[in-house]
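Novice: Shown below is the structure under consideration.
The values are calculated or read from the model by the stated rules, or taken from the named source; none is laboratory data. Only a predicted model underlies this, so the values are computations on that prediction, with no experimental measurement involved. Cβ coordinates were reconstructed from backbone atoms using ideal geometry, including for glycine residues, and neighbour counts include every protein chain displayed.
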Amino acid sequence: MKRAFLIRLSSVVVMAVVICVAAAPIQAEEKAVTLAEIMTIARENNGELKALREEAGISEAGKIKAGLYPNPVLELDGATGALTGSSSENRLGIGISQEFLIGGKLEKRLAVAESEIARFGSRIKDAERLLLLEVKSGFYDLLLAESRLELAHKSRELNNQLLQITKERLAAGDIAELDVNLSRVETARSEERKIEAERELVPSRQRLLTLMGAPTLSDLKIAGSSETKPVTANPAELKAMALKNRPDLQALAAEKSKGEADLTLAQADKAPNVTAGIAFSRESTLTSVGGMSNRSTDYLVGLKLSVPIPYFDRNQAGIKEAQARKSSAETRQAFVRQSIEREVEAAHARLAAAEKSANIYAKEILPQLSENLKLVQEAYRLGEVGILAVIEEQKKFIEVNDSYLTSLHNWNNAVAKLDAAVGIELKTDDGGNK
């Protein structure tokens with residue numbers, strides 16, 4: 001009975017240990033973040049973008065102010081004859097006046113405020129567009145640094161294999177000790193390459209964390225791979241999409257609308273506003289006739305109407321300023337439209353060139369280079385070539401692979417710039433790659 005209990009207890013302990021060992025890597029494993037998730041974090045947490053959203057309240061306050069009527073004016077007045085020897089005479093008055101906006105000025109002010117809100121909203125979207133471009137650039141920089149670190153590990157692995165082969169051939173008496181020394185030098189150089197690749201990781205990671213605005217993260221592990229996928233839209237379609245979606249162009253359109261609303265309001269301000277009021281007063285007087293005094297009190301109600309005469313100032317300066325703003329917005333809008341079209345053309349051409357370069361490496365150069373390296377390594381193992389041929393071929397393999405990583409990095413950045421030029425995300429897979 002006791003033995004059976006001990007067997008069961010030991011089985012439970014072993015099972016618990018197995019479960020803990022199996023669960024430990026899962027708990028310790030750091031969650032990798034995709035580009036799509038990083039962009040979402042940046043949208044919500046980037047400091048500059050958050051501050052700009054807070055500033056949107058200024059435009060909202062401007063709309064509230066534009067929709068308010070002028071405050072009424074309370075007027076109080078009093079007079080006494082005590083200082084002039086007529087202490088029995090005095091007067092008290094109270095009145096209220098209100099300025100009335102004429103010519104639909106209230107609606108015109110609201111139109112100006114709404115145009116400003118639309119302009120500021122487009123400005124926020126444009127800031128987000130530029131931020132996402134920086135985030136993508138930072139992501140691909142970090143991806144390049146990690147890929148170069150993996151390549152450095154591959155270089156060290158190749159040189160370690162070569163060193164092992166030279167040791168075996170030296171022991172067999174096939175080669176001189178110089179081959180082993182040369183192999184050791186290349187192994188040390190590959191280690192230095194690995195250290196250099198690791199050094200580039202920290203600034204790239206910190207830059208991306210700064211753009212994300214995530215102070216709680218001390219480290220960042222990204223998920224994704226450099227992979228080319230063609231953009232099927234032609235330049236004409238891309239231009240049309242850009243002119244429709246670019247928020248900076250939308251901001252200029254709102255600025256143009258605001259200029260037109262400003263001009264309409266300035267023209268309405270040529271007609272002055274009318275101020276009307278009502279007043280109530282009490283007057284006390286003392287009249288003496290033939291030695292007899294008679295005190296009387298009168299109550300008066302009066303109306304007041306005040307209208308400025310637009311003789312000198314008919315808001316000429318305001319109209320001139322509004323016309324200048326409107327013309328400036330129209331000119332800037334036309335210029336930006338041309339700039340956007342050229343930017344899309346340049347981004348598309350840059351993408352096409354980067355795609356061709358990456359495809360040449362992937363389809364023609366790298367497969368042949370890998371085959372050449374295998375042949376040279378096998379030839380050295382058989383004693384048909386010297387070690388310098390192997391070293392040279394391994395260097396070429398690493399250098400060309402590094403150039404391929406650079407071409408993929410250029411391709412990814414070209415797609416990111418095309419996205420920014422068009423104003424929308426053209427294609428993105430689950431890993432955040434194009």
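Novice: Take the residues of segment 79-122 that are of a type in the set (K, R) and either touching a Lys or Arg at 6+ places or on another chain (Cβ under 9 Å) or modelled with pLDDT of 95 or more (or both): which is farthest from K256 (Cα to Cα)? Break it down stepwise before answering.
Specialist: Restricting attention to segment 79-122, the residues satisfying the condition of being of a type in the set (K, R) are 91, 105, 108-109, 119.
Remaining after also requiring either touching a Lys or Arg at 6+ places or on another chain (Cβ under 9 Å) or modelled with pLDDT of 95 or more (or both): 91, 109, 119.
Details: R91: 56, R109: 15, R119: 9 Å.
Across segment 79-122, the extreme among qualifying residues is R91.
Novice: Here's a follow-up. Can you find a residue that is surrounded by 19 or more Cβ atoms within 10 Å (Cβ to Cβ), in contact with a Ser or Thr (Cβ under 7 Å, 6 or more places away or on another chain) and closer than 21 Å to K244 by Cβ anywhere in segment 409-417?
Specialist: Within segment 409-417, one or more residues are surrounded by 19 or more Cβ atoms within 10 Å (Cβ to Cβ), in contact with a Ser or Thr (Cβ under 7 Å, 6 or more places away or on another chain) and closer than 21 Å to K244 by Cβ.
Novice: D298 - would you say it is among the acidic types (D, E) and either surrounded by 12 or more Cβ atoms within 10 Å (Cβ to Cβ) or in a helix (DSSP H, G or I) (or both)? Spell out the reasoning first.
Specialist: Working: among the acidic types (D, E): yes; either surrounded by 12 or more Cβ atoms within 10 Å (Cβ to Cβ) or in a helix (DSSP H, G or I) (or both): no.
Against the criterion (among the acidic types (D, E) and either surrounded by 12 or more Cβ atoms within 10 Å (Cβ to Cβ) or in a helix (DSSP H, G or I) (or both)), D298 does not qualify.
Novice: Whether any residue in segment 313-320 is aliphatic (A, V, I, L, M), within 30 Å of E191 (Cβ to Cβ) and free of Cβ contacts under 8 Å to residues at least 40 places away in the same chain is what I want to check.
Specialist: There is no residue in segment 313-320 that is aliphatic (A, V, I, L, M), within 30 Å of E191 (Cβ to Cβ) and free of Cβ contacts under 8 Å to residues at least 40 places away in the same chain.
Novice: May I ask you to list the residues in segment 52-104 that are outside any strand (DSSP E or B) and among the acidic types (D, E)?
Specialist: If the condition is that a residue be outside any strand (DSSP E or B) and among the acidic types (D, E), then E54, E55, E60 are the ones that fit.
Novice: List pairs: first residue in segment 165-183 and free of Cβ contacts under 8 Å to residues at least 60 places away in the same chain, second residue of a type in the set (S, T, N, Q) anywhere in the structure, Cβ distance under 8 angstrom, at least six positions apart or on different chains.
Specialist: So the pair list comes out as V180/T166.
Novice: Could you list, ordered by first residue, the pairs with Cβ atoms under 7 Å in which the first is in segment 134-146 and farther than 19 Å from G423 by Cα and the second is of a type in the set (D, E), at least 6 apart or interchain?
Specialist: As it stands, the answer is A145/E200, since those pairs meet every condition given.
Novice: Check E378 against each of (1) in contact with a strand residue (DSSP E or B) (Cβ under 8 Å, 6 or more places away or on another chain); (2) without any contact (Cβ under 8 Å) to a residue 24 or more places away in the chain and name the one condition it does not meet.
Specialist: Going through the list (1) in contact with a strand residue (DSSP E or B) (Cβ under 8 Å, 6 or more places away or on another chain); (2) without any contact (Cβ under 8 Å) to a residue 24 or more places away in the chain, E378 breaks only (1).
Novice: Still on this structure, I have one more. Return yes when A317 is within 30 Å of L101 (Cα to Cα), within 54 Å of the chain's Cα centre (by Cα) and exposed (fewer than 11 other Cβ atoms within 10 Å of the Cβ) and no when it is not. Give the derivation first.
Specialist: Details: within 30 Å of L101 (Cα to Cα): yes; within 54 Å of the chain's Cα centre (by Cα): yes; exposed (fewer than 11 other Cβ atoms within 10 Å of the Cβ): yes.
Yes, satisfied.
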